[in-house]
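Note sheet for the following structure.
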Amino acid sequence: MNQKTYNDVISGKSDNNINFSDFCNLIVDLGFSFKGQKGSHKSYYHNGINERMTIQNANSKAKGYQVRQLRNIINKHGL
């Protein structure tokens, strides 16, 4: 797991400045499975906690609301 990306997500200080590929890798490292892609939208699902995330690239950065969504999931489930 990329500890820097994880720390950036948890801290909330750079929600709009997280590299998209690092964000995707973090989602997988946290136990989410890639379920498919439709256009620019990538879907991930975590069986163990019954959570789903759909994300899309914004100029090579993760969107701020998607980072906040992942942070809420991490905090809610102790990932």
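Assuming charge only on the beta carbon of Lys and Arg (+1) and of Asp and Glu (-1), the dipole of the chain about its Cα centre is about 220 debye to the nearest 20. Entry note, the chain: relative contact order of 30 percent, from Cα contacts under 8 Å with a spacing of 6+ residues. Hey, for a label at Asn25 modelled as a point 7 Å past Cα toward Cβ, could you say which residues of the stretch 52-79 have their backbone N under 15 Å away? Backbone N within reach: 61-62. Working value for the chain: equivalent-ellipsoid semi-axes of 17, 16, 10 Å, each the square root of 5 times a Cα gyration tensor eigenvalue, largest first.
If a paramagnetic tag sat 7 Å from the Cα of Asn50 along the Cα-Cβ line, which residues of the stretch 61-78 would have the backbone N under 15 Å from that point? Residues passing the 15 Å test: 77.
Which of the trypsin sites (Lys or Arg not before Pro) found in the chain are in a DSSP loop and have at most 12 neighbouring Cβ atoms, other than their own, within 10 Å? Those satisfying the criteria are Lys13.
Roughly speaking, what % of Cα-Cα pairs in the stretch 40-79 are separated by over 11 Å, rounded to a whole number? Across the stretch 40-79, Cα pairs with separations above 11 Å total 66 percent.
Taken together, the values in this text are just the output of simple stated rules run on the coordinates, not laboratory data. Just so you know, these numbers come straight off a predicted model, no measurement behind them. Cβ: placed from backbone, ideal geometry, glycine included. Neighbour counts: every protein chain shown.
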